[in-house]
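This report concerns only the one structure given below.
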Amino acid sequence: MTAPEIIQKIIYMTLATANAEGQPWNTPVFCAYDQDFNFYWGSSKTSRHSKNISANPRVFISIYDSTVPAGEGEGVYIKAKAQELSSPADRRFAHNLLQARRIIPFWKEEYFSDESPIALYKAVPEKVWVNDGQKINGVYEDIRKEVRLP
């Protein structure tokens with residue numbers, strides 16, 4: 001599969017963040033994406049990854065198809081910058097994308113305000129890779145190949 005096909009198929013991404021001291025944190029989040037392959041999700045403002053993004057916007061995203069047999073999985077790996085969405089128009093846009101991907105009945109658009117405990121986030125990719133492989137002296141080596149998203 002191509003990177004866009006994997007992104008379209010898998011509805012969760014694993015989001016890796018780090019706090020200001022560099023302590024890593026990893027969490028799966030339900031996500032949506034726009035036509036430029038920017039990624040959106042909602043999370044509690046008090047969650048570890050949300051606090052980490054406030055302190056350090058650099059994130060790493062993995063979207064991996066773990067539904068296939070061992071050795072056949074394909075993934076997309078994304079270095080990105082993330083931010084909490086603050087404008088009502090941006091929040092509405094992200095909410096619509098998330099709802100279009102899968103109805104989330106407990107997240108109504110009016111829940112996303114400056115006072116809300118839940119925030120919507122956006123990650124803008126800087127570099128993207130897919131997994132690839134090669135055999136060296138008869139031994140398979142898993143490697144990453146940089147790609148461009150349309």
Check your understanding: Among all residue pairs at least 6 apart or on different chains, which show Cβ distances below 6 Å where the first residue, located in segment 129-141, is in a strand (DSSP E or B) and the second is hydroxyl-bearing (Ser, Thr, Tyr)?
Key -> TRP129/TYR77; GLY133/TYR140
Exercise for review: Spot the failing condition for ASP65; the list is (1) open to solvent by 90 Å² or more (accessible area, probe 1.4 Å); (2) under 19 Å from VAL147 (Cβ atoms); (3) touching a Gly at 6+ places or on another chain (Cβ under 8 Å), and only one is missed.
Suggested key: (1)
Check your understanding: If only one of ILE53, ILE63, ILE10 is of a type in the set (Val, Ile, Thr) and touching a residue at least 60 places away in the same chain (Cβ under 8 Å), which one is it?
Key -> ILE53
Check your understanding: Of SER43, SER87, SER47, which residue is over 30 Å from MET1 (Cα atoms) and either touching a Lys or Arg at 6+ places or on another chain (Cβ under 8 Å) or surrounded by 11 or more Cβ atoms within 10 Å (Cβ to Cβ) (or both)?
Key -> SER47
Exercise for review: Give me a count of the residues in segment 55-76 that are modelled with pLDDT under 95, not aliphatic (A, V, I, L, M) and not in a strand (DSSP E or B).
Suggested key: 8
**Study point:** Test: residue in segment 28-37 that is in contact with a His (Cβ under 9 Å, 6 or more places away or on another chain), of a type outside the set (S, T, N, Q) and open to solvent by 30 Å² or more (accessible area, probe 1.4 Å)
**Key:** no
Point to revise | In segment 116-150, residue nearest to the chain's Cα centre (by Cα) [restricted to those that are of a type in the set (Asp, Glu) and closer than 17 Å to VAL76 by Cβ] | key: GLU126
Study note, to complete from the structure: Condition set assigned to a loop (DSSP other than H, G, I, E, B) and surrounded by 12 or more Cβ atoms within 10 Å (Cβ to Cβ), scope segment 95-128, selection modelled with the highest pLDDT: answer is SER116
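The values are calculated or read from the model by the stated rules, or taken from the named source; none is laboratory data. Keep in mind that what you see is a predicted model, and the values were worked out from it rather than measured. Note: ideal-geometry Cβ built from the backbone for every residue, glycine included; neighbour counts use all protein chains shown. Accessible surface areas use protein heavy atoms only, side chains included; no ligands, DNA or RNA. Shrake-Rupley method; radii C 1.70, N 1.55, O 1.52, S 1.80 Å.
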